[in-house]
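**Student:** Dumping the structure here so I can ask a few things about it.
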Amino acid sequence: MTPLIAIAAEAAEQKSAEVTDWAGRLGWVAGLLVFIALVYWLMRQGWKWRGSLQSDLPALSAVPETAGEAKLTLSGRYHGSTAAGHWLDRIVAHGLGTRSRVELTLTDAGITVVRPGANDFHIPADALREARLDKGIAGKVLAEGGLLIVTWEHGGTLLDSGFRSDRAAEHTAWVETVNSMTSATEGIAR
C-alpha cells in the first residue's frame, strides 16, 4: 500500500469528537445571532438618522399625467442619489436611497422616473443641470463610463442620481440630449 493510501485510510477512520457541552455551544450560537441582530438594528437606525438629517428636503415632484412626447426612454436600474459632487453622501429622504428597477422617460417637461416597488418621481426640465457618464455612486462602482449620472436641483440642493441602462450604449444619447436641454435653458432664471 502506498503511503498516500495509508494516510487516506487513517483519515477516514478518524471522526470528530462528539459534542459534550451542548449548553456552551447553544450559548455561542445564541450570542452570535444576538450580535447579528444588533448590527442590523444599528444599520437601520443609521439609515433612519440619515433620513431625519435630510428631512429639510421637500417632497419629490409627482409624475405628471401628460408630460409630452418622449425624446428618449431607458429601462434599467436606479442606484440611488447623492449630494452633487459627493459620490458617497447618499440621500435617503423620500425614498431616494432605495435601489430599484427603473423606467426613465425624457420629455420636454423633464425626466419621469418610474420605479416598481419604490416612489416614482419627476425631475422638471428647469431643475436639470447636467448629465455625465461616471464610474460610481454610493454603493455601486462600475467600469469607467458605466453609470449615467443626472445632476438636478431639488429644494435648493444639487443632487446626483445614478442610473444604469440594460443597454449601456444608450447612455451617450442621454448625456447629449439632457446637456442640450440644459444649455438651451441656461439664459432662463432657474
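Coordinate-derived values only; no laboratory data. If you're wondering where the values come from, they're calculated on a predicted model, not measured in any experiment. Here the Cβ positions follow ideal geometry from the backbone for every residue, glycine too, while neighbour counts run over all protein chains shown.
**Student:** Ranked from highest to lowest mean number of other Cβ atoms within 10 Å per residue, what is the order of the peptides 149-156, 39-46?
**Tutor:** Top of the packing list down: 149-156, 39-46.
**Student:** Going Cα to Cα from residue 140, which lysines come in below 21 Å? Please leave out same-chain ones fewer than 8 positions away.
**Tutor:** Within the straight-line cut-off, residue 140 pairs with 48.
**Student:** Next up: If each residue of separation counts as 0.36 nm, what is the full-extension length gain between residue 70 and residue 135 once their alpha-carbon separation is subtracted?
**Tutor:** The span from residue 70 to residue 135 would gain 20.7 nm if fully extended.
**Student:** Oh, and also: Taking K and R as +1 and D and E as -1, what net charge do the other residues with C-beta under 15 Å from the C-beta of residue 103 add up to?
**Tutor:** +4
**Student:** So, one more: How far, in degrees from 0 to 90, does helix 171-184 lean away from the longest principal axis of the Cα atoms of the chain, to the nearest 10?
**Tutor:** 30 degrees
**Student:** Could you give me D for region 68-170, from Stokes-Einstein at 4 °C and 1.567 mPa s, where the hydrodynamic radius is the Kirkwood radius over C-alpha pairs? Units µm² s⁻¹, please.
**Tutor:** The Stokes-Einstein estimate is 96 µm²/s.
**Student:** Tell me which label goes with the value of volume of the Cα convex hull per residue in Å³ computed from the coordinates here: (i) 153; (ii) 203; (iii) 191.
**Tutor:** So the calculated entry is the one marked (ii).
**Student:** Per DSSP H run of n ≥ 4, the term is -39500 (n - 2.57); total these for the chain, divide by its residue number, and report the mean residue ellipticity at 222 nm rounded to 500 deg cm²/dmol.
**Tutor:** -10000 deg cm²/dmol
**Student:** Let me ask something additional. 7 Å from Cα along Cα→Cβ at both residue 4 and residue 142: what's the point-to-point distance in nm?
**Tutor:** 4.7 nm
**Student:** Tell me, what is the percent relative contact order of the chain, built from C-alpha pairs under 8 Å that lie six or more residues apart?
**Tutor:** 19 percent
**Student:** To continue, here is another question. Residue separation times 0.36 nm, minus the C-alpha to C-alpha distance between residue 14 and residue 108: what's the value?
**Tutor:** Contour length minus the Cα-Cα distance gives 26.4 nm.
**Student:** With r defined as the distance between the Cβ atoms of residue 172 and residue 98 and R0 fixed at 35 Å, what FRET efficiency is calculated, to the nearest 0.05?
**Tutor:** Taking R0 as 35 Å, the efficiency between residue 172 and residue 98 is 0.85.
**Student:** Something else about it: May I ask for the distance between the Cα centers of region 115-190 and region 90-106, given as a whole number of Å?
**Tutor:** 12 Å
**Student:** Quick one: if you stick a label point 7 Å off each Cα along the C-beta vector at residue 88 and residue 153, how many nm between them?
**Tutor:** 2.9 nm
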